[in-house]
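The values are calculated or read from the model by the stated rules, or taken from the named source; none is laboratory data. Being a predicted model, the structure only gives us computed values, none of them experimental. Neighbour counts are summed over all protein chains in view; Cβ atoms, including those assigned to glycine, are modelled from backbone coordinates with ideal geometry. All accessible areas refer to the heavy atoms of the entire protein, side chains included, with ligands and DNA or RNA removed. Shrake-Rupley method; radii C 1.70, N 1.55, O 1.52, S 1.80 Å.
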Amino acid sequence: MTPINIILLSLLVFMAYLRLRPKAPNTLPKAPPPTVFKTFTPPTLLPYNGTNGMPVYFAVRGRVFDVSSGRNFYGPGGPYSNFAGRDASRGLACGSFDESMLTKNLEGPLDTMSDLGPEEMESLRGWEERFEEKYLVVGRLVPVDSPEAKEAGLS
Ligand SMILES: *[C@@H]1O[C@H](CO)[C@@H](O)[C@H](O)[C@H]1NC(C)=O
């Protein structure tokens, strides 16, 4: 036996082992922390602004994100605290955290943003992708006067 033979033999044995060894049980990916997927209307989303021990939520195109881990930005006193407990879609799309970006009538329909152009919608899409990576979706936002809200006992 030369050293080369020994190495080759070891390699063969090792490869045979790899093929024949029992398959490790499939380990499931770690489950995300359990979250109750809730239905919100603009008025019921409002208290989620980080005060009174509440988490910080905001909605983007009908999805409610828990942005509590970003409360320095979105929580009380943060530069974007305007959006806490609100539908942030228009403001994100337009790149403005101005009060005027918020839907005024909380009892009315959700902002469809039909007046915005492709650039704004593209920008919004970019924000959504970032939020999807960083934050959990904890619910959906529906208008007060909707079958979904009625079903959830919210109107
Ligand atoms: C947060 O929400 C509570 C309850 O809706 C309200 O009383 C409070 O003024 C809000 N705080 C801020 C900073 O908007």
Residues (open to solvent by less than 50 Å² (accessible area, probe 1.4 Å) and acidic (Asp, Glu)) located in region 86-144: 87, 111, 128
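Which one is farthest from the chain's Cα centre (by Cα), of the residues in region 104-135 that are in a loop (DSSP other than H, G, I, E, B) and closer than 14 Å to residue 64 by Cβ? Reasoning before the result, please.
Residues of region 104-135 in a loop (DSSP other than H, G, I, E, B): 104-117, 135.
Filter again for closer than 14 Å to residue 64 by Cβ, leaving 110, 135.
Details: 110: 19, 135: 4 Å.
Applying the filter and picking the extreme gives 110.
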Residue 122 more than 17 Å from residue 48 (Cα to Cα) and modelled with pLDDT of 95 or more: yes
First in region 1-19 and without any contact (Cβ under 8 Å) to a residue 12 or more places away in the chain, second anywhere and surrounded by 10 or more Cβ atoms within 10 Å (Cβ to Cβ), Cβ under 9 Å, 6 or more apart: 1/9
Of all residues in region 1-60 being over 20 Å from the mean Cα position of the chain (by Cα), outside any helix (DSSP H, G or I) and among the hydrophobic types (A, V, I, L, M, F, W, C), the one that is modelled with the highest pLDDT: 1
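Step by step: first the residues of region 63-97, then only those that are part of a helix (DSSP H, G or I) and charged (D, E, K, R), then the one that is farthest from the ligand (Cβ to nearest atom). Which residue is that?
Taking region 63-97 first, the residues part of a helix (DSSP H, G or I) are 68-74, 81-83, 89-94.
Retained after the next criterion (residues that are charged (D, E, K, R)): 71, 90.
Values: 71: 12, 90: 18 Å.
Selected residue: 90.
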